[in-house]
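Taking it in order: structure first as structure tokens, then the write-up.
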Amino acid sequence: MQSSDAIQLLDIQDDNRIFADMVNDDANPCLSCGACCQYFRVSMYMGEMTGAGGTVPDELVSQVNPYIVCMKGTEAGYGRCVALRGEVGKPGIHCAIYAQRPSPCREFRVWADDGSPNPDCQRLRERAGLPPLAAMPA
Ligand code: SF4
Ligand code: SF4
């Protein structure tokens, strides 16, 4: 299923996870933020790697345990993901593998179903010196 929201497009997976894709235009707050991409350890099941039939380039991940990998740079948390391009908090920042990014990045939503901003976004944006997000535009 896909919503008709102009900025954040939602897609319900077979396992009921909800993935979000952000539209690539000026209304997308992520393209001048990037704060979440230098904060969390971005880990995933290794089946998401290209070598296992997934989308995430093998060379961009580190092994966490026999089943789990994470994006390079994020191993210990508070580290910048290897796929992040640009300066955090500045226009033009983006993910170099957006169409291939792992599931945790797809599940991290800017706005909830009721249009309220993700509290984690607000916290991370504040840490990065950015203004808080408004409710999702109608
Ligand atoms: S913290 Fe929120 S607004 Fe900033 S890049 Fe991540 S998802 Fe986008
Ligand atoms: S893969 Fe892309 S979206 Fe995910 S943390 Fe890295 S830069 Fe951010």
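Dimensions of the range 31-93 along the principal axes, based on C-alpha atoms and rounded to the nearest Å, stand at 36, 22, 13, largest first. Dipole size of the chain about its Cα centre, with +1 on Lys/Arg Cβ and -1 on Asp/Glu Cβ: approximately 540 debye, rounded to the nearest 20.
Considering every Cα-Cα pair within the range 75-138, what fraction, in whole percent, is farther apart than 13 Å?
Numbers: 1446 of 2016 pairs.
Value for the range 75-138 (Cα pairs over 13 Å): 72 percent.
Ranked by how many other Cβ atoms sit within 10 Å of their own Cβ, fewest first, the residues SER116, SER43, SER32 fall in the order SER116, SER32, SER43. The length gained by stretching the chain between GLU87 and ASP120 to full extension, at 0.36 nm per residue less their Cα-Cα distance, is 9.9 nm. Using 0.36 nm per residue and subtracting the Cα-Cα separation, the extra length available between ASP113 and ARG80 on full extension is 9.0 nm. Only Cα sites of the range 1-119 enter the Debye sum here, all with the same form factor; the resulting log10 I(q)/I(0) across q = 0.19, 0.24 1/Å is -1.10, -1.49, listed in q order. Diffusion of the range 1-55 by Stokes-Einstein, at 25 °C in a medium of 0.890 mPa s and with Rh set to the Kirkwood radius over alpha-carbon pairs, works out to 182 µm²/s.
Label-to-label distance for PHE19 and TYR98 is 1.5 nm, based on points extended 7 Å past Cα in the beta-carbon direction. Under the criterion of Cα pairs below 8 Å and six or more residues apart, the relative contact order for the chain equals 23 percent.
No value in this document is a laboratory result; all are computed from the given coordinates. Since the structure is predicted, the reported quantities are computational estimates derived from the model, not experimental observations. A quick note on method: Cβ atoms are made from the backbone with ideal geometry, for glycine too, and the neighbour counts reach across all protein chains shown.
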